[in-house]
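Asker: One structure, as structure tokens, below. Some questions next.
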């Protein structure tokens, strides 16, 4: 049960994404934050929370490329379900939105790979 606390940020972020996706229309001007940029930021942050879970709080011994990759895969798969979910509430489900999600996840993973020296070598 102790490791569950490391997954709380990811679960909370997933719930926030779900809540936003459940809205038929999101409030606010699109020109303030372009849609694709918002997707990238959202899924980049989600990937960081997933990496926090997979590494149990960014523990150095667990900072491996495999764990970062796992976080990206989970984010990408969740992105697919998110797009499908949007189609049920009257919004468009687009591949370009999913690509933006994946690019955000990959950028977050790349940042972790830079910040965590040697993590790329411990697959």
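The values are calculated or read from the model by the stated rules, or taken from the named source; none is laboratory data. As the structure is a prediction and not an experimental result, all values here were calculated from the model. Cβ atoms come from the backbone with ideal geometry, glycine included; neighbour counts cover every protein chain shown.
Asker: Here are 94, 81, 70: which of them is under 23 Å from residue 2 (Cα atoms) and free of Cβ contacts under 8 Å to residues at least 60 places away in the same chain?
Answerer: Numbers: 94 fails: under 23 Å from residue 2 (Cα atoms); 81 fails: under 23 Å from residue 2 (Cα atoms).
Only one candidate qualifies: 70.
Asker: Turning to a different aspect of this structure: Hey, among the residues in the range 66-104 that are at pLDDT below 90 and part of a helix (DSSP H, G or I), which one's surrounded by the most Cβ atoms within 10 Å (Cβ to Cβ)?
Answerer: Among those that are at pLDDT below 90 and part of a helix (DSSP H, G or I), it is 86.
Asker: Identify the residue in the range 37-61 that is crowded, with 16+ Cβ neighbours inside 10 Å, outside any loop (DSSP other than H, G, I, E, B) and more than 11 Å from the chain's Cα centre (by Cα) and, among all such residues, is modelled with the lowest pLDDT.
Answerer: Looking at the filtered set, the residue picked out is 38.
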